[in-house]
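Structure, as structure tokens:
The values are calculated or read from the model by the stated rules, or taken from the named source; none is laboratory data. Bear in mind that the values here come from a model prediction, so they are computed numbers and not experimental data. Heads up, the Cβs are rebuilt from the backbone with ideal geometry, glycines too, and the neighbour counts pull from every protein chain shown. The area values use the complete protein model at the heavy-atom level, side chains included, leaving out ligands, DNA and RNA. Shrake-Rupley method; radii C 1.70, N 1.55, O 1.52, S 1.80 Å.
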Amino acid sequence: MSSVVKKTALSVALGAAIIGGTIIGTNAQGAKHTIVTVVKLSGIAWFNRMEEGVKQFAQETGHNATQVGPATADAALQVQMIEDLIARGVNAVTVVPNSPEALEPVLQKALSRNIVVVGHEASSLKNVTYDVEAFNNAAYGEHLMEALAKGMGGKGEYAVFVGHLTAKTHNEWVDAAVALQKSKYPDMKLVTTKIESNENQQTAYQKTKELLRTYPNLKGIQGSAGEDVVGAALAVEEAGLTGKVTIVGTSLVSVSGPYLESGEISMISFWDPAKAGIVMNKVAAMALEGKKVEDGMDLGVEGYNKVKLDGKVIYGQAWVDVTKDNMKDYKF
């Protein structure tokens, strides 16, 4: 597939943005609770998929569940949104933070107003009722490193991307990956510190071009945000390095499919954002109804059938791996 066709396909996938429904401060007619999911960023495939889950939850339960997110991945904008939700008197907020630390004060305020708070991708959050994680983050990071090491033959230079240096889960994945590399693959070398993509494909593309110029022997890239591997793949393709640089990371088939098919991306892993959206909202509704999540509980969603509870953090077992061989099995 040509770069032009790929770029067109990617622009369609990434441009199919729906910025959550209109927020209302009181329950819609017949709704039980008003639950609003605040995501990192509107207008990207990952959170469009999450919104599908939020809408499904609303349809199946009758709760007034909607999703919103800022136009840029900015923690300050998320704070403003949550302040607005508090003022409107919603019953619960579920949130995927750009910076967990930056959101702590406003989430504390929400809790003080008896608003249930459920986090996601933010196991360090203190001011939450619960936090939902799709899996153990260290195990996932190690899993990505094993895939990267396999593609690189256990040797050579590599680089790592995170969406933001403040993104809790991205840093946990990368930290665990690098720790495993140092202990198990001494012939691999991390060439620079974590590279920040700002959850943006174009940024990942430009920074990968810089990487390839600065480190001409680069053999591997691990991405964290859904757009990281795509931006990296475009830069690798343009440099004529397809098959010479292994790229693995978190993404969706709707975003990464063209590059999986043509070989720039070796493997993507992900958890279904729609299912995570359902689980976050279900946990919020349970809390509003006075029900507790128990260790080993089946939350009724694939990947969350026997959750592990560690304090306030709920862990599922929800990641999947996709290569060009099984990518047709996934429609998102």
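Test of understanding: among V283, V248, V307, which residue is in contact with a Leu (Cβ under 8 Å, 6 or more places away or on another chain), over 30 Å from Q59 (Cα atoms) and crowded, with 16+ Cβ neighbours inside 10 Å?
Numbers: V283 fails: over 30 Å from Q59 (Cα atoms); V307 fails: over 30 Å from Q59 (Cα atoms).
Result: V248 is the single residue among V283, V248, V307 that is in contact with a Leu (Cβ under 8 Å, 6 or more places away or on another chain), over 30 Å from Q59 (Cα atoms) and crowded, with 16+ Cβ neighbours inside 10 Å.
Does A71 satisfy being out of contact with any Ser or Thr (no Cβ under 7 Å at 6 or more places or on another chain), in contact (Cβ under 8 Å) with a residue 24 or more places away in the chain and either closer than 20 Å to P273 by Cα or not in a strand (DSSP E or B) (or both)?
Judged against the criteria, A71 is not a match.
Grab the strands (runs of 3 or more DSSP E) fully contained in segment 125-238, keeping just those with 2 or more residues being hydrophobic (A, V, I, L, M, F, W, C) and in contact (Cβ under 8 Å) with a residue 24 or more places away in the chain. Give the derivation first.
Working: elements: 130-133, 156-162, 188-190, 218-223.
Ranges flagged: 156-162, 188-190, 218-223.
Going by what's in this entry, would A239 be described as modelled with pLDDT of 95 or more and open to solvent by less than 40 Å² (accessible area, probe 1.4 Å)? Spell out how you get there, then give the answer.
Numbers: modelled with pLDDT of 95 or more: yes; open to solvent by less than 40 Å² (accessible area, probe 1.4 Å): no.
No: the conditions fail for A239.
Counting only residues that are farther than 14 Å from V245 by Cα and among the aromatic types (F, W, Y), which one in segment 145-203 is most open to solvent (accessible area, probe 1.4 Å)?
This residue is Y185.
Mind listing whichever residues of segment 39-73 are open to solvent by 50 Å² or more (accessible area, probe 1.4 Å) and among the small types (G, A, S)?
Of the residues in segment 39-73, the ones open to solvent by 50 Å² or more (accessible area, probe 1.4 Å) are 52, 55-56, 59-60, 71-72.
Once the filter is applied, which keeps residues that are open to solvent by 50 Å² or more (accessible area, probe 1.4 Å) and among the small types (G, A, S), segment 39-73 yields only A71.
Out of all the residues in segment 222-240, is one or more over 23 Å from the mean Cα position of the chain (by Cα) and of a type in the set (G, A, S)?
Yes, there is a match, as at least one residue in segment 222-240 is over 23 Å from the mean Cα position of the chain (by Cα) and of a type in the set (G, A, S).
Sort out which residues of segment 204-236 are under 24 Å from L180 (Cα atoms), in contact with a helix residue (DSSP H, G or I) (Cβ under 9 Å, 6 or more places away or on another chain) and open to solvent by 60 Å² or more (accessible area, probe 1.4 Å), and write them in order of number.
If the condition is that a residue be under 24 Å from L180 (Cα atoms), in contact with a helix residue (DSSP H, G or I) (Cβ under 9 Å, 6 or more places away or on another chain) and open to solvent by 60 Å² or more (accessible area, probe 1.4 Å), then K219 is the only one that fits.
I'm trying to understand the selection: among the residues of segment 239-250, which are within 13 Å of G151 (Cα to Cα) and either in a loop (DSSP other than H, G, I, E, B) or hydrophobic (A, V, I, L, M, F, W, C) (or both)? Before you say what the answer is, go through the steps one by one.
Taking segment 239-250 as the starting set, the residues that turn out to be within 13 Å of G151 (Cα to Cα) are 242-249.
Across segment 239-250, the qualifying residues are T242, G243, K244, V245, I247, V248.
What residue, of V106, V118, is of a type outside the set (D, E, K, R) and in contact with a Phe, Trp or Tyr (Cβ under 6 Å, 6 or more places away or on another chain)?
On the way: V106 fails: in contact with a Phe, Trp or Tyr (Cβ under 6 Å, 6 or more places away or on another chain).
Of V106, V118, the one residue that is of a type outside the set (D, E, K, R) and in contact with a Phe, Trp or Tyr (Cβ under 6 Å, 6 or more places away or on another chain) is V118.
Sort out which residues of segment 74-90 are open to solvent by 50 Å² or more (accessible area, probe 1.4 Å) and either without any contact (Cβ under 8 Å) to a residue 40 or more places away in the chain or among the β-branched types (V, I, T) (or both), and write them in order of number.
D74, A76, L77, Q80, E83
Could you say which residue among K306, K312 is closer than 16 Å to Y130 by Cβ and of a type outside the set (G, A, S)? Break it down stepwise before answering.
On the way: K306 fails: closer than 16 Å to Y130 by Cβ.
Only one candidate passes the filter, namely K312.
Which members of segment 268-296 meet the condition of being of a type outside the set (A, V, I, L, M) and part of a helix (DSSP H, G or I)? Reasoning before the result, please.
Step one: filter segment 268-296 for residues of a type outside the set (A, V, I, L, M), giving 269-273, 275, 277, 281-282, 289-292, 294-296.
Matches in segment 268-296: P273, K275, G277, N281, K282.
Look at segment 164-208 and say how many of its residues are of a type in the set (A, V, I, L, M, F, W, C) and within 18 Å of the chain's Cα centre (by Cα).
So in segment 164-208, the residues of a type in the set (A, V, I, L, M, F, W, C) come out as 165, 167, 173-174, 176-180, 188, 190-191, 195, 204.
From what is left, the residues that are within 18 Å of the chain's Cα centre (by Cα) are 165, 167, 173-174, 176-177, 195, 204.
The number of residues fulfilling the criteria is 8.
Which residues, counting only those in segment 310-319, are surrounded by 15 or more Cβ atoms within 10 Å (Cβ to Cβ) and not in a loop (DSSP other than H, G, I, E, B)? Explain how you work it out, then say what you get.
Taking segment 310-319 first, the residues surrounded by 15 or more Cβ atoms within 10 Å (Cβ to Cβ) are 312-319.
Correct list: V313, I314, Y315.
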